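See below for the structure under consideration.
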Amino acid sequence: MLPFLPPLCIAASLVGFAPIPSQADPSQPMRPGPKSLRSHAPEGTLIWIESSALEPILGQGLSHPLIARLLEEPLIAEDWKAKKFDPMAGLRLAEALLGRNPFELAHALASGGIALGFLGVTPGKEAPFVMLRGLDGEAMESAVEDLTGALSGLGLLAEVDARESEGRSPSIRQAWQAPKSDGVVVWTSDGTLILTRTWKDAITCSGLSARSSAIPEAYRQHFESTSIAETFAWFDLDALESQVGLKDLRAMATEPGVHFVLGPALAYLGRAGSLSMDLDVSSEALRLRMRGDGVDAGEGAGSFPASDSIAKESSAPKDAVATAMLHRDLHFLLDRRTDLFPPRQQPGIAEGLSNLALLVGGPDALDELLSSLHPTLRLHSETIAFAENAEPDVPLPGLILEVDLDEPDINGSRLTSAFQTAVTLTNVERAMKGEDGLRLGLESVDGVTVTRAKLQPPAPGSSVDLRYNLEPACAVVGRTFLVGTHGAPIAKAVQRLSGGSTSQAAMPTRSDDWIPVDRLQLQGVPLHGLLTQQRDLIVMNSVLEDGKSQRRAEAEADILLELLGRVQRFEFHSDWLPEPRSKRTIRAGLTVHLLR
C-alpha cells in the first residue's frame with residue numbers, strides 16, 4: 001500500500017471545503033488565475049509552483065478539518081510516535097520561538113496566493129536560488145519582518161547593510177546572513193524573498209527577479225480560460241536535464257512496455273522541453289492537467305494518430321464498468337523497432353515476435369497480420385452474468401478488446417487460430433501442474449461463430465474459485481475481431497455489433513486542432529465494490545509482500561476503500577498537436593468525479 005494514501009484519502013474526504021467549484025471542461029487545461037504570480041517568474045527559472053489553496057487551510061489552522069483529520073489519523077499518529085515527535089508540542093515550541101502563531105505567520109505569507117521558484121544561476125550546478133512571492137505584499141512584508149526578526153533573535157540570522165555589501169544591488173531592500181553556515185536571505189524592492197548561498201548569487205538573483213517572465217508566451221495563450229486552477233506548476237525540463245539530469249524521465253520513450261501500456265502521449269511527454277501542470281479541487285471533482293511543449297518525438301511521431309480516427313463505435317454497453325479507446329500502432333512500433341528502441345531492448349522484442357509467429361503461422365503471416373490491425377483499440381469491462389452453479393466466490397468483471405482488421409476473412413481466421421493454439425499450450429502447462437484444462441468449443445450467436453474455452457463445471461456444492469473468472473472467448477463480426485476474458489460478455493458484444501446497437505465512449509467535442517490519442521473512463525462504484533470483496537486478499541498481500549503489520553495493512557486497505565468510496569468515476573484523456581513538426585505539443589488530463 002502506498003504511503004501517500006492516508007493524506008490523499010483525507011484530502012478527498014474534505015473536498016467539500018474547497019473554495020473554488022470549477023465547472024471547466026476537463027479536456028481544457030486551466031490557467032493559474034486572474035491574479036497569478038506566473039508573470040513574475042524571472043528569467044532562468046527551473047521550477048515555478050504557485051497555489052491559492054493554502055490560504056483557507058492556514059487561516060483556520062488547527063480548526064480546519066484537514067489539519068484536524070491529519071492530527072487524528074491513526075497511521076500518521078503511529079509514524080509520529082515512532083519518530084518520537086509530538087506535533088502539538090512542536091507547534092507550541094515554534095510559537096514560543098517565533099513570538100507568533102505559526103499558522104498565522106504562514107497564512108500571512110500565503111495570503112491571496114503564494115509562489116515558490118527555483119533558479120539555476122551557474123550553468124552545470126544545482127539551483128542555488130529559492131524565491132518566495134506573495135500576492136498580498138503588505139501581509140507578506142509583515143510576515144517576513146516577524147520571521148527574520150525571530151530568527152535573528154535566536155542567532156540564526158544576522159542583518160547586514162545591503163548598501164555596503166560587495167557588489168551591491170539597488171533592488172535589495174534588506175539582507176541577512178547565516179553566521180554559522182553558508183546562506184543569504186534578501187528582501188527585494190519588488191516583494192521577493194530570496195534564499196541563496198552567497199552574496200554573489202543573491203545579487204545576481206535579485207537582478208533576475210525584475211526581468212521578464214521565463215514562462216513562454218505559448219503557455220500564456222494556452223492557459224487563457226475563465227476557470228481558475230488552485231495550484232499551478234511549470235518545469236523547464238531542458239534546463240533541469242543539464243543541471244540535475246532527467247535520465248529516467250527522458251528514457252520512458254525508449255521502453256517498449258511504456259508505449260504498449262501507457263501509449264505514445266505519456267511515453268513522449270518526458271521528452272518535452274518544458275512541462276506545465278495544474279490542479280483544481282472542488283466539491284464535484286479533482287482535476288489534474290499536464291502539458292508538454294517542445295516535444296522531440298523524432299521517428300516516434302509516426303506512432304501518434306494522424307487524425308481523430310479514435311472516435312469509433314464500440315460494443316460497450318451503456319452500463320459498462322470501464323471503457324477505453326487507445327491508439328496503439330503496433331505495426332509501426334515493431335516494424336521500426338531498431339530506430340525507436342535501444343539495442344538492449346531488441347532481444348526481448350525479438351523473442352516476443354518469435355513466440356507470436358508460432359501462434360499465427362510464421363513470421364510472414366505475423367507481419368501481414370500486424371499490418372492489418374487498425375491502431376485504434378477499443379476496450380470495455382462489464383459485469384458478467386455467471387451460470388448459477390459457476391459463479392466464482394469473488395466474481396470479476398469481464399474485459400473485452402475490439403480491433404478492426406483489413407482482410408478480415410484471412411486475418412480473422414489467423415487470430416482465431418492463434419487463440420485456439422494459445423489455449424492448447426495453456427492446457428499443456430496446466431496438465432503438467434495437475435490442473436484441469438480448458439475445453440474448446442464453438443457456438444453460434446446471431447449467425448456469428450464464437451470460439452470459447454471453458455473449465456469443467458464445478459461439482460455441486462463445491463467452492464468456485466477465481467479460475468472461473470477466466471473462460472476466454474473470441475469472435476469476428478464483420479471487420480471487427482473481439483477477444484475477452486469470458487464468453488458471456490463476448491456473446492453480448494456480438495449481438496450488439498451484429499444488430500447495429502453500439503455505443504460510444506464519452507468524447508469531448510473537437511473544437512480545435514488537438515488530435516485525441518487515448519480516452520479512458522472507469523466507474524468508481526463497481527471498482528469500490530470489487531476491492532471491498534477482496535479486502536482480506538489486499539491485506540494479506542501487504543503483510544506477506546511488504547512485511548507490514550496486520551494492523552497497518554488493514555488500516556491502509558480501509559483508507560484505500562474510503563477514498564474509492566467517494567469516487568463516481570475516473571476520466572483520462574491525452575491529445576497531441578502535430579505541428580510544428582520539429583517540436584510537438586502533448587497534453588494529458590485526469591478528472592476524478594466525486595459522489596455528491
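At a glance:
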item: Meets criteria (outside the structural domain of LEU262 (by the TED database), under 30 Å from PRO408 (Cβ atoms), at pLDDT below 85 and charged (D, E, K, R)) for ARG510; result: yes
item: Residue that is nearest to GLY149 (Cα to Cα), among those in the range 88-101 that are surrounded by 14 or more Cβ atoms within 10 Å (Cβ to Cβ) and not polar (S, T, N, Q); result: LEU98
item: Tally of residues being in contact (Cβ under 8 Å) with a residue 12 or more places away in the chain and either open to solvent by 30 Å² or more (accessible area, probe 1.4 Å) or at positive phi (or both) across the range 559-581; result: 13
item: Of all residues making up the range 405-452, the number that are touching a strand residue (DSSP E or B) at 6+ places or on another chain (Cβ under 8 Å), farther than 19 Å from LEU356 by Cβ and among the aliphatic types (A, V, I, L, M); result: 6
item: Subset tally (residues that are hydroxyl-bearing (Ser, Thr, Tyr) and surrounded by 13 or more Cβ atoms within 10 Å (Cβ to Cβ)) for the range 433-452; result: 2
item: Condition met for SER354 (without any contact (Cβ under 8 Å) to a residue 60 or more places away in the chain, among the hydroxyl-bearing types (Ser, Thr, Tyr) and either part of a loop (DSSP other than H, G, I, E, B) or more than 16 Å from ALA267 (Cβ to Cβ) (or both)); result: yes
item: Residues located in the range 67-87, provided they are more than 30 Å from the chain's Cα centre (by Cα) and open to solvent by less than 30 Å² (accessible area, probe 1.4 Å); result: PRO87
item: Scan of the range 392-407 for residues that are open to solvent by less than 60 Å² (accessible area, probe 1.4 Å) and in contact with a helix residue (DSSP H, G or I) (Cβ under 8 Å, 6 or more places away or on another chain), ordered by number; result: PRO392, VAL394, PRO395, LEU396, PRO397, GLY398, ILE400, GLU402, LEU405
item: Residue check, LEU530 hydrophobic (A, V, I, L, M, F, W, C), modelled with pLDDT under 90, in the same structural domain as SER276 (by the TED database) and crowded, with 20+ Cβ neighbours inside 10 Å; result: no
item: Selection within the range 373-387 - of a type in the set (S, T, N, Q) and assigned to a loop (DSSP other than H, G, I, E, B); result: THR383
item: Residue within the range 206-220 that is of a type in the set (D, E, K, R) and modelled with pLDDT of 85 or more present; result: no
item: Among the candidates ARG584, ARG551, residue that is open to solvent by less than 60 Å² (accessible area, probe 1.4 Å), assigned by the TED database to the domain that holds LEU279 and not hydrophobic (A, V, I, L, M, F, W, C); result: ARG584
item: Selected residue (only one of THR338, THR323 is open to solvent by less than 30 Å² (accessible area, probe 1.4 Å), farther than 21 Å from THR426 by Cα and hydroxyl-bearing (Ser, Thr, Tyr)); result: THR323
item: Spans of helices (runs of 4 or more DSSP H) in the range 237-336 with at least 2 residues over 17 Å from the mean Cα position of the chain (by Cα); result: 237-243, 247-251, 330-335
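The values are calculated or read from the model by the stated rules, or taken from the named source; none is laboratory data. Note that the coordinates shown come from a computational prediction; the quantities given were computed from them, not determined experimentally. We place every Cβ from the backbone using ideal geometry, glycine too, and count neighbours over all the protein chains shown. We work out accessible area using only protein heavy atoms, side chains counted, and drop any ligands, DNA or RNA first. Shrake-Rupley method; radii C 1.70, N 1.55, O 1.52, S 1.80 Å.
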